[in-house]
Amino acid sequence: MDCSHPCLVLENVSRDFGGLRAVDSVNLTIQPGERHALIGPNGAGKTTLFNLISGELRATDGTISFFGADVTRLAPDRRAARGIARTFQITKLFPNLTVLENVLLACEALDRRKFTMHRPLASYRDLAQKAANLLEAFGLAQLRQELVRNLSHGDQRKVDVALSMAGRPQLLLLDEPMAGLSPGESHSMHELLEKLDSTIAVLLIEHDMDVAFAFAEKITVLSQGRVLTEGHKDEVRASRTVQQIYLGAEEPPC
Amino acid sequence: MAEFRQIGWKASVPTLVIVLLAAVPPFLSSYWVGLLTQIMIFAILAMSLDILLGYTGLPSLGHAGFFGVAAYTVAVLATAYHAGFWTCVASGIIIGTLLSAAFGLLVSHVRDVYFLMITLALGMVLWGLSNRWITVTGGDNGISGIPRVMTGPITFYEVTLLIFIGCTALMMLFISSPFGFTLKGIRESESRMKSLGVNTWLHCYLSYVIAGAFASVAGVLWAYYNAFVGPTYLDLTASSEVFLMVTLGGPGTLVGPALGAGAIVLLKNVISAYTQRWLMILGAIYIMTILGAPQGLWNLRRRSRSRA
Amino acid sequence: MKEVPVKLSTSVVVVVFALLATGVVVGQSAASVPIKVGFIAPLSGPYVQNGRDILNGFLLYLEEIGYRAGGRQIDVVVEDDEAIPAVGLTKARKLVERDKVHLMAGALLASSGYALAPYIDSMHIPMVFPVVSSDDLTQRRRSKWIVRTGWTSSQPNHVFGEYAARTLKLKKVATIGLDYAFGWESVGGFQRTFEAEGGKIAQKIWCPLSVHDFAPYLAQISRDVDAVYALFLGRAALQFMRQYQEYGLKDRVPLIGSGSTTDEHVLPSMGNEALGVITALHYSAALATPSNKSFVAAYRARYNKVPSYYSESMYTGAKWFVSAIEARGGNVEDSAALLDALRKVKLADLPRGPVELDDYGSPVENVYIRKVERVNGELQNTVIETFPKVSQFWKYNPADYLKQPLYSRRYIPPPTE
Amino acid sequence: MIYIITQTLNGLFSAALLFLIASGLTLVFGVMRIVNIAHGSFYMLGVYVAYTIVARTHSLFLGTLAAVSAVAAAGFVVERLFLRRFASQPLAQMMMTMGFALLFRDAAFMIWGGDPFTLPYPSALRGSIEANDIVFPMYRLFVVFVAAVVGVVLWALNEKTLIGAKLRAAVDDAEMAAGTGINVALLSGLVFAAGAGLAAFGGVMGGPILGGYPGMDLDLLPLAFVVVIIGGMGSLKGALVGSIVVGLIDNFGKALVPELSYFTLFAPMVIVLAIKPTGLYGRV
């Protein structure tokens, strides 16, 4: 991978829905291995921005480049193949398959052997091993035979992150991984995130400020589709505007 | 029974079925041999639809189209051009598959109800073609007089059985392969598969073509079995009956659709002799299947097992 | 009408018991074992009404003779082919291979007829086709084991073409008909003799079988013709008549047509729009012969409706094979001899008049020119002229005739000599 | 020219009849995502019920009223007792309606027999309008007029009334609508009943011309689906435009290229679907 380029660069990225500009000329740069949090009130366009980066949505304007290559017009699967992985705000898993099968799907997704039709999947020992390792790493080994739809919310979140890590991404987009988790689950998720490979850049959407500031060193504040402030967490914490509109006395809406 | 399953019914049951199927013809009348032949042909067709409906999650209402086109190809080549047996067989499968490859381009980006509708429309186009392209298809009269290639119902039965075993094995291998597994992922959550790096369009397209290819095999067999081909082979009723076989038996299982095919063919031929109300019974089967076993009969069994 | 299912189910019960009985009494002499007759017709689907009429005629005759012929009981197994040839074929297999019927009767659609023929021939089971009228079944694609007791599509139309030119003095005619073999053969037969007499078919319009709104076709009919020849049946005939009048054509261009267009299976549903329409067929329920009068009376009493040509066809078909069984003294086990007997039957007192088979196995029978009139408040096909002993080849030499291609959508005129 | 005018008028008549059938289908589609195969059965039952009542009372008005209300009630029952349990399972619902289509077809045959029939014309609407060689039956004009009235009423109901607003909310997003306190279940039942009633009404309107016969349930259904799909599922405007497009294409297609009569209809549908799967006015 070309190391002279930043991991992700967004230049003047915008997205319109009908007359509404949901994301407005956003500029954002993320370096390899960086821990970056995206915060902002509801409707600020955070998830839309994620969708633009991962390719679920096409940008109306602007360019997105990943390690120097323009990916603005690439389909989501092509971006994933280049190393952009993501989780979803509302977990999107394979509910009627087991945890192991979920992870296996993710393991083979970026493998050329996914087009093989003449050999049973079970005969690929290396894929099974890879899946097993992943399950182990995420503490899901005991649950491997459970159907995903029967899992607790917290475990589903873990599976979600496990899936996105299966392809060994360069950039991981985490959309509110803690949302709806109990304090205990939240804690273990946090630990899990801390343990993530430090060479991977992580962009995190998070409502819980403590988590966001504990996890990331850089913060981008989004409001009404625009970047309000961006910088090191201490600068952002100190910013008066941010405090006013976002970190004020009120609890952030969720 | 429970221990039996533990030994690994997955391998033993199919073997048992195959042995049974191979052994029974001498003990049955030619009529029953004929019915079993029919069941196997429709089982291939139903399993091929299951690849789409049950595994990929694409509800095709025009699947009988490929079956019919393959059958017509055989009929036209065998009667109008007096082509040899192998030419007919190969052409039937190839034309059916090519057609599904062409249609696949039109349908593979569409999902859910829209997929249902576009496949229904394509099915209607094919049906219209079979009805109106009279110089080739004989229109409403269809094409009769396809030469008999195998003498006697038992020979035909045995050949069908071999092809049935072959197709079933291939389809089982297909669905257990990494590719087949990806299809399940698409069924469960297409957008997640995309974000994991899978070109879901391509996978849907390939699965559509492969399902069309197996349907073509069934169509070729059906043409030779009846020695006749007509527009009713590819109309909406035919397509929805295959749909019923899959839904009744249990989508996403292969075994289920084969059983569903057996159940429908048997009911149709056995019950209709005793009642004039076959339509009503068939209608009731549709409704009761959905009410009683919305996931199909074969999945009922699996559910009770997983609960136990 | 309502009683039919009851009767059917009882006969089914009879058959079931007979089946059990035959199983039990193996070894008894053949004479005490019932003769089994398989019957196939569409008893569901869009052609259900025609199928019912056929079945009604069939059962009526068998009831009249008390289900006995040649000193043996007759058992009937009824099967529905849903008007789908492949289903018909499966049901035929069932009748022959499982029920072991001695002979078969039925079939309505040409497609079913063509699908069944190779199978019937391969199984050596005599089958009576009372309705299927596709010309080629007794012409270029003859089947050995099928005995046609009905008619060929072009048969009455050969007569009618000549009649239209000579007697009706028509010069230019437009045709409109259903776009399938029955239509092509009927119109083809009409065209051949009509043009041979100096007439001209100015226009041919074909409607798909699924037609229900005739407006786009009616708008095309040239106003400049002496008559319109219409070929429809069932609900399409009813709709066509209605709409022909609706568009003011009835008062401008007289309507003639194939016998099916005003046949009694649909005539009672029509209104004044049908009055005066002239058609040709080998039967009319208004025939004033004693045998027809008693048939119509019996049919009306039994089913509370007027018999159609479909009803008469299978009444006659049943009578036909019963005479053959009688001729064989009840021995139906020798199917070759039974087939022979079937081909030799000659009946003089049928509702439709005398019938015998030609060398090709197709009926030689009367063709009636009929005109729709209202008598005692009911529409009927009044016979205005009778052409006796009409063969499927009309006045042509069979060998020359068969060198011509079958009448198809594209009519190929025969070489003039 | 005369020819074109006549065929256009015919096309409008087909469009009117199609609109009556397709508007119900599209509403059901839009609100419940049900591919209602039994819609053709409602159309058929409409004519049969009307025929029975007209034969007894000699009143077309009573016949129409009875047909529409009886079939709407039947629709309501089917929705309430059977389809409701499978809300948001479009495949299960479609299978179910397939079953009902078969049941209704056989039941109609059992009750009414297989003889085809037509309904009488309203006495005031016999005859035809003639001008410069253009002949157009009064009754067909009347049907076009009635369909236009129905269209306006439906539009007003949809755009100007509270129930219409709720309906539009449900078409947009049933879950969200339920969240804002709309009784989507009741709404679904009513829409389904209204759709069935509209189909029955279409059957009665076509009755004097097309009549009733076995197999009629599947005759117009594919056309109605084409209309709904071209227009966009759930869109009344789409049903209107689709009906006119299909009515005209069907009439001119049959007249100009009769050999291709099936393609002239289904080919545009395939093209529309392939390019814009949601139809002309449909939402995702």
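The values are calculated or read from the model by the stated rules, or taken from the named source; none is laboratory data. Just so you know, these numbers come straight off a predicted model, no measurement behind them. Note that we place each Cβ from the backbone using ideal geometry, even for glycine, and neighbour counts take in every protein chain shown. Areas reflect the complete protein model, heavy atoms only, side chains present, ligands, DNA and RNA absent. Shrake-Rupley method; radii C 1.70, N 1.55, O 1.52, S 1.80 Å.
Under the definition of Cα pairs under 8 Å and six or more residues apart, what whole-number percent is the relative contact order of the range B:36-234? Provide the component values of the computation, followed by the final result.
Details: 293 pairs, mean separation 92.8, N = 199.
That works out to 47 percent.
Listed here are the pairs C:Lys169/C:Lys293; C:Lys171/C:Lys250; C:Lys172/D:Lys254; which of them are more than 21 Å apart at the Cα? Please report the intermediate quantities before stating the final value.
On the way: C:Lys169/C:Lys293 32 Å; C:Lys171/C:Lys250 18 Å; C:Lys172/D:Lys254 24 Å.
Over 21 Å apart, Cα to Cα: C:Lys169/C:Lys293; C:Lys172/D:Lys254.
Suppose a student asked you for the relative contact order of the range B:1-147, using Cα pairs under 8 Å spaced at least 6 residues apart; what percent would you report? Before the final figure, lay out each step's value.
Working: 93 pairs, mean separation 35.6, N = 147.
In percent, rounded to a whole number, it is 24.
Count of lysine pairs in chain A with Cα atoms under 30 Å apart, counting only pairs 8 or more residues apart in sequence or on different chains?
Lysine pair count for chain A: 21.
Using a Gaussian network model on chain D with a 10 Å cutoff between Cα atoms, which of D:Lys254, D:Lys166, D:Lys237 fluctuates the most?
D:Lys254
Rank B:Val13, B:Val229, B:Val89 by mean-square fluctuation in a GNM of chain B with C-alpha springs under 10 angstrom and give only the top-ranked residue.
Top of the fluctuation ranking is B:Val13.
May I ask you to evaluate 6.51 cos²θ - 1.76 cosθ + 1.60, the Karplus curve with θ = phi - 60°, for each residue of the range C:62-73 and list the ³J(HN,Hα) values in order in whole Hz, giving x for glycine and proline?
Karplus-based 3J(HN,Hα) across the range C:62-73 equals 5, 5, 4, 9, x, 6, 9, 8, x, x, 10, 6 Hz.
Antiparallel as a % of all DSSP beta bridges within the protein assembly as shown, to the nearest 5?
On the way: 49 of 99 bridges.
DSSP beta bridges in the protein assembly as shown are roughly 50 percent antiparallel.
What are the trypsin sites (Lys or Arg not before Pro) within the range C:200-260 that DSSP puts in a loop, where the Cβ has at most 16 other Cβ atoms within 10 Å?
Working: sites: C:Lys200, C:Lys204, C:Arg223, C:Arg235, C:Arg242, C:Lys250, C:Arg252; in loops: C:Arg223, C:Lys250, C:Arg252.
Answer in residue order: C:Arg223, C:Arg252.
By Kyte-Doolittle mean hydropathy of at least 1.0 and Cα axial length of at least 24 Å, which whole DSSP H helices of chain D are selected? Write out the running numbers ahead of the final one.
Details: long enough: D:2-32 (44 Å, 1.79); D:39-57 (27 Å, 0.77); D:60-78 (27 Å, 2.23); D:90-112 (32 Å, 1.13); D:138-160 (32 Å, 1.55); D:184-210 (38 Å, 1.82); D:236-256 (29 Å, 1.24).
Membrane-span-like by this rule: D:2-32, D:60-78, D:90-112, D:138-160, D:184-210, D:236-256.
Please give me the summed charge of the neighbours of B:Gly57: other residues whose Cβ is under 9 Å from its Cβ, Lys and Arg +1, Asp and Glu -1. Could the numbers behind the result be given before it?
Working: positive: B:Arg111, B:Lys184, B:Arg187; negative: B:Asp112, B:Glu188, B:Glu190.
Computed value for this residue: 0.
Would you kindly state the longest site-free stretch of chain A, with sites defined as trypsin sites (Lys or Arg not before Pro) in a DSSP loop (not H, G, I, E, B) surrounded by at most 12 other Cβ atoms within 10 Å? List each step's numbers first, then the result.
On the way: sites that count: A:Arg58, A:Arg73, A:Lys195.
Here the longest run is A:74-194.
I'd like the FRET efficiency for B:His82 and D:Leu65, computed as 1/(1 + (r/R0)^6) with the beta carbon distance as r and R0 of 56 Å, rounded to 0.05.
Values: r = 63 Å, r/R0 = 1.12.
Using R0 = 56 Å, I get an efficiency of 0.35.
Under a GNM of chain C (C-alpha, springs under 10 Å), which listed residue has the highest mean-square fluctuation: C:Thr90, C:Thr279, C:Thr152?
Checking each option, the largest mean-square fluctuation is seen for C:Thr90.
Treat each spin label as a single point 7 Å out from the Cα along the C-beta direction, and report the A:Asn150 to C:Arg142 distance in nm.
So the label points at A:Asn150 and C:Arg142 sit 7.3 nm apart.
Points 7 angstrom from Cα along the Cβ direction at A:Gln224 and D:Lys237: gap in nanometres?
3.0
Rounded to the nearest whole Å², what accessible area per residue is found for the protein assembly as shown with the 1.4 Å probe?
Working: 46260 Å² over 1263 residues.
Value returned for the protein assembly as shown: 37 Å² of accessible area per residue.
Roughly how crowded by other chains is peptide D:107-120, in terms of the mean Cβ count from those chains within 10 Å of each of its Cβ atoms?
Across D:107-120, the average partner-chain Cβ count within 10 Å equals 6.
How about C:Lys346: which aspartates and glutamates have a C-alpha closer than 20 Å to its C-alpha, ignoring those fewer than 8 places off in the same chain?
Counting by Cα, and skipping residues close in sequence, C:Lys346 has these aspartates and glutamates nearby: C:Glu64, C:Glu312, C:Glu326, C:Glu356, C:Asp358, C:Asp359, C:Glu365.
How high is the FRET efficiency between D:Leu81 and B:Leu16 when r is their beta carbon distance and R₀ equals 35 Å, given to the nearest 0.05?
On the way: r = 41 Å, r/R0 = 1.18.
Working from the Cβ atoms, E equals 0.25.
Counting DSSP beta bridges in the range A:141-254, what percent are antiparallel, to the nearest 5?
About 55 percent, rounded to the nearest 5.
What does the extension gain come out to for D:Asp172 and D:Ala274, with contour length at 0.36 nm per residue minus their alpha carbon separation? Mind showing how you got there, number by number?
Values: separation 102, 0.36 × 102 = 36.72 nm, distance 2.27 nm.
Here the segment from D:Asp172 to D:Ala274 would lengthen by 34.4 nm.
Give the cross-link partners of C:Lys371 among the aspartates and glutamates, using a straight C-alpha distance below 14 Å as the criterion and excluding same-chain residues fewer than 8 apart.
C:Asp263, C:Glu264, C:Glu273, C:Glu385
Let's see if you can work this out: charge +1 on each Lys and Arg Cβ, -1 on each Asp and Glu Cβ, no other charges. What is the dipole magnitude of the range D:143-237 about its Cα centre, in debye to the nearest 20? Kindly include the intermediate steps, with their values, before the conclusion.
Working: 4 positive and 6 negative charges, 51 e Å.
About 240 debye.
222 nm [θ] for the protein assembly as shown, helices only, -39500 (n - 2.57) per DSSP H run of 4+, per residue, to 500? Please list the in-between numbers first.
Working: 46 runs with 678 residues, N = 1263.
Helix-only estimate at 222 nm: -17500 deg cm²/dmol.
At 27 angstrom or more along the helix axis (alpha-carbon based) and mean Kyte-Doolittle of 1.0 or higher, what helices does chain A contain? Whole DSSP H runs only.
Counting only whole DSSP H runs, no helix qualifies.
By how many degrees, between 0 and 90 and to the nearest 10, does the Cα long axis of helix C:234-246 differ from the longest principal axis of chain C?
Here the helix axis deviates by roughly 20 degrees.
Given contacts defined as C-alpha pairs under 8 Å and at least six residues apart, what's the relative contact order of chain D, whole-number percent?
On the way: 446 pairs, mean separation 104.1, N = 284.
This gives 37 percent for chain D.
Take every residue in peptide C:256-263, count the Cβ atoms of other chains within 10 Å of its Cβ, and give the average of those counts.
Details: counts 0, 0, 0, 0, 0, 0, 0, 0.
The mean count of partner-chain Cβ atoms within 10 Å per residue comes to 0.
Suppose every Lys and Arg Cβ carries +1 and every Asp and Glu Cβ carries -1, with no other charges. What dipole size does chain C come out with about its Cα centre, to the nearest 20 debye? Intermediate results must be reported in sequence, preceding the final value.
On the way: 46 positive and 42 negative charges, 37 e Å.
Charge dipole of chain C: 180 debye, to the nearest 20.
Given +1 on the Cβ of Lys and Arg, -1 on the Cβ of Asp and Glu, and no further charges, what dipole in debye does the range D:21-132 carry about its Cα centre, rounded to the nearest 20? Working shown, then result.
Values: 7 positive and 4 negative charges, 70 e Å.
Computed about the Cα centre, the dipole is about 340 debye.
Checking the cross-link filter: which aspartates and glutamates have an alpha carbon closer than 12 Å to that of C:Lys36, excluding same-chain neighbours under 8 positions apart?
Partners found: C:Asp75, C:Asp99, C:Glu333.
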